[in-house]
Amino acid sequence: MSMIKILIASVLLLSTSIYSFTITNTQGDSIQLNNYQHKTLLLVNIATGNPDRVGQLAGLQQLQQQYGDSLVVIAFPSNSFGNENLSNEELLHYCQYNYNSTFLVAEKGSVDSTDIQPLYKWLTKKTENGVMNSRVKGDFQKYIINRDGNLSGVFAGSVLPTDSLFKAAIAATFE
């Protein structure tokens, strides 16, 4: 085995599985991500006060409907960039009332800084996810987790969920 393959195997062994995480939804219920093994996950930090929210939230719902049970969209409301002032209860109502959302909405939390949510620490640290480092640079940044539980893509908040390249990246996880 080459030295590079040994190093890659070592990093993957040290990394934590995304399926070890439990998140809390806006109603206070625990959601274990291991319930979604063998499905593609799309994790997005949202903010209802962001001017781009309409296209983003409507697009997330379109993806959820298009891919059905093969894709699990989880929205993570955050005020990390100063655009989310609603409470957890208001957030859920806002998404359901305005977008007929069926995607999961996690409780509000930080996606950046020292009080970052553990799941977002996993998403942004190579030592955690075994693939890459990234930084959440704004609202609606998207992380794609393939059916094997590996981080397979990171997209800026400016990329709409309906963007053809973004949809192709999601579709590639089903192959």
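The values are calculated or read from the model by the stated rules, or taken from the named source; none is laboratory data. Owing to the predicted nature of the structure, the values given are computational and were not obtained by experimental measurement. Backbone-built Cβ (ideal geometry, glycine too); neighbour counts: all protein chains shown. These area figures cover heavy atoms from the full protein model, side chains too; ligands, DNA and RNA do not enter into them. Shrake-Rupley method; radii C 1.70, N 1.55, O 1.52, S 1.80 Å.
Brief remarks on what is shown
- Amide proton proximity set for Asn45, modelled H, under 5 Å, gap of 5+: Phe76, Phe140, Gln141
- Assigned charges on the beta-carbon of Lys, Arg, Asp, Glu; the chain dipole about Cα centre (debye): 560
- Relative contact order for the chain, counting Cα pairs under 8 Å that sit 6 or more residues apart, in percent: 27
- Gyration tensor verdict on region 125-174 (Cα atoms; rounded if a/c is under 1.5, prolate if a/b is larger than b/c, oblate otherwise): oblate
- Measuring nothing but protein heavy atoms, the accessible surface of region 83-151 at 1.4 Å probe radius is 44 percent carbon and sulfur.
- Where the alpha-carbon atoms of the chain are placed on the principal axes, they occupy 55, 35, 29 Å, in descending order.
- Accessible-area order (highest first, 1.4 angstrom probe) of the listed residues Thr114, Thr127, Thr22: Thr114, Thr127, Thr22
- Free of any trypsin sites (Lys or Arg not before Pro) that DSSP assigns to a loop and that have at most 15 other C-beta atoms within 10 Å, the longest stretch within the chain is 1-134.
- Taking a sphere under 13 Å around the Cβ of Thr26 and counting the other residues whose Cβ falls inside, with K and R at +1 and D and E at -1, yields a net charge of -4.
- Here, P(r) means the percent of Cα pairs in each 5 Å bin from 0 to the largest distance; for region 21-80 it is 4, 16, 24, 24, 20, 10, 2.
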